[in-house]
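Below is one structure, written out as structure tokens; the observations come after it.
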Amino acid sequence: MADLEQKVKAPQDSEAAKMAAPTGLDKQEYASSTGEAQVGKLTGAIKWFEKAAAYGRVELRGISPIPVEERTVKRTVNIFTLWWCMNANILPITFGMLGPIYGLGLRDCSLVILFFTLLTTTLPAYLSTLGPKIGMRQMVQARYSWGRYMICLPVLLNLATLTGFCVIMAVIGGQCLSAVADGNLSATVGIVIMALLSLVISFCGFDVLHVYERFAWIPALIAIIVATGTGGTGLTQQAPPEEAPTAAAVLSFGMIVASYMIPWACLSSDFTTYLDPKTSSLKIFMYSYLGLAVPTILLMVLGAAIGGAVANVPEWEEGYEANLVGGVMAAMLHSVGGFGKFLVVILSFTLLGNMAATAYSITLNFQMLLPVLFKVPRYLFSIVLTAIIIPVSIRAATDFFDNLENFVALIGYWSSAFLAVVVVEHLYFRKGDCDSYNPDAWNTASRLPVGVAALAAAGLSFGLVVPCMSQVWYTGPIAETTGDIGFELAFVVTSILYIPLRHLEKKVVGRER
């Protein structure tokens, strides 16, 4: 009876509420209560979303240091499968195809790829070992040399670099999907598909990312082996170089290879922070080194072979003109019919492992860009990133290889200077002691270095780097003779300058750390 009475009274209460609408002085109080109600609903929605995210294996933690008790992952081989999957795709093939542009034959391209990859892989592999010991993301670690505010510049550059890599992969994947659709699917639609699929994986975070990477490389490897086998005859038709290789050509292509590998060091620890701190550093280093170097060398050499043969194989050249890398891969697999088209689709999806892992690091970098962004959940930046990647990729696809070469040209310089500061700070000033990174100081400017020494050392190094740059749009006076040696000098000169400048900064500011 009480329930019935309540139901009868509800309409009356509703009418009474309408008649009690605010007037005069009551409006302010009414608006205030309404605003509080809306805020309460929004807060409730956020809490509900976070619960749903946690239930769905979405990583909620952002850039804050990982406590020791949460660093419990013991499956160290995950590091190998992650790096392997990120590189066992057609992205290294694309970079390798740039080799013949510098007038190098297949033998010379292969030697450059081998040497520069083995050399530059040491940086990301070494920095991967610090993640479990320090429990901080790579750019958070860098605050202990660059400072709370100066780090914003490298973070901004890193965001541009990683986003650029995502754009490259979205374009390549989109072109592959377009190549197998016989004109029924544009590259633009393919780009959108790639970006959305990457969003799903990067949105979820660390656990889902590692599970995906553990298995995604298997179909990738099968597809690449089949493509190489079916296109083997064409790979032998190499166009001979017009002249003997020059030092300038070798070093300029070496810069391309280094610019592919070095940026991985700017996010290395992002993928190892949850590992058990007692995990062997040597094991982490070797897993990282092999997972990075082996697929990169093999697939870049394959890319150089494809690039050197495209002009002599009409079907490949036709596919290249229509859909660039995707068109060439489709032409190589054309002889196996529908199964070949299926493998091209697989090849496009092989890029998702790289895209998702890169996007995961981008979401963490967003939180470091401005203090206010730290309060925004990491996974929401995945959506922001996707909204950026799609239109930029569509535009970049119009002149892909020109845009790729111009983009890659700038990566190696800044990242080499940045990493020189991080490595020298850790090995020279902190004596390689991971305990010297006080986790309580990570977000407090007064307990971190000012960062002036880091910025000054990196900035001053470009006084010598710029004359040694060799790019489409600029060639320095030194580079005209030597070729591009900018990234090497950026690392060496910054390392040398940072030592006296850091000592001076400590003396002036009075902070030991």
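Mind listing whichever residues of region 286-301 are among the β-branched types (Val, Ile, Thr) and either under 17 Å from the mean Cα position of the chain (by Cα) or open to solvent by less than 50 Å² (accessible area, probe 1.4 Å) (or both)? Residues satisfying the conditions are 296, 297, 301.
The residue of region 450-478 that is nearest to residue 505 (Cα to Cα), among those that are in contact with a helix residue (DSSP H, G or I) (Cβ under 6 Å, 6 or more places away or on another chain) and not hydrophobic (A, V, I, L, M, F, W, C), is 451. Here residue 417 passes the criteria (1) among the hydrophobic types (A, V, I, L, M, F, W, C); (2) touching an Asp or Glu at 6+ places or on another chain (Cβ under 7 Å); (3) surrounded by 20 or more Cβ atoms within 10 Å (Cβ to Cβ) except the one numbered (2).
Among the residues of region 321-342, the one identified as closer than 22 Å to residue 110 by Cα and open to solvent by 20 Å² or more (accessible area, probe 1.4 Å) is 324.
The residues in region 81-117 that are under 24 Å from the mean Cα position of the chain (by Cα), surrounded by 22 or more Cβ atoms within 10 Å (Cβ to Cβ), among the hydrophobic types (A, V, I, L, M, F, W, C) and part of a helix (DSSP H, G or I) can be counted, and the count is 12. Restricting attention to region 343-379 and to residues that are without any contact (Cβ under 8 Å) to a residue 12 or more places away in the chain and assigned to a helix (DSSP H, G or I), the residue that is least open to solvent (accessible area, probe 1.4 Å) turns out to be 373.
Take the conditions (1) touching a Gly at 6+ places or on another chain (Cβ under 8 Å); (2) surrounded by fewer than 24 Cβ atoms within 10 Å (Cβ to Cβ); residue 280 misses just one of them, which is (1).
Filtering region 234-285 to residues that are under 23 Å from the mean Cα position of the chain (by Cα) and assigned to a loop (DSSP other than H, G, I, E, B) leaves 267, 272, 273, 274.
Just the residues that are over 21 Å from residue 254 (Cβ atoms) and at pLDDT below 95, please, taken from region 84-129. 84, 85, 86, 88, 89, 90, listed by residue number.
For every residue, the table says whether it meets (1) assigned to a helix (DSSP H, G or I); (2) open to solvent by 30 Å² or more (accessible area, probe 1.4 Å).
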residue: 411; (1), (2): yes, no
residue: 432; (1), (2): no, yes
residue: 463; (1), (2): yes, yes
residue: 472; (1), (2): no, yes
residue: 495; (1), (2): yes, no
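The residue of region 474-493 that is least open to solvent (accessible area, probe 1.4 Å), among those that are assigned to a helix (DSSP H, G or I) and among the hydroxyl-bearing types (Ser, Thr, Tyr), is 482.
The values are calculated or read from the model by the stated rules, or taken from the named source; none is laboratory data. Bear in mind the structure is a predicted one, so any value in this text is a computation, not a measurement. Note that each Cβ is placed from the backbone with ideal geometry, even for glycine, and that neighbours are counted across all protein chains shown. Accessible surface areas use protein heavy atoms only, side chains included; no ligands, DNA or RNA. Shrake-Rupley method; radii C 1.70, N 1.55, O 1.52, S 1.80 Å.
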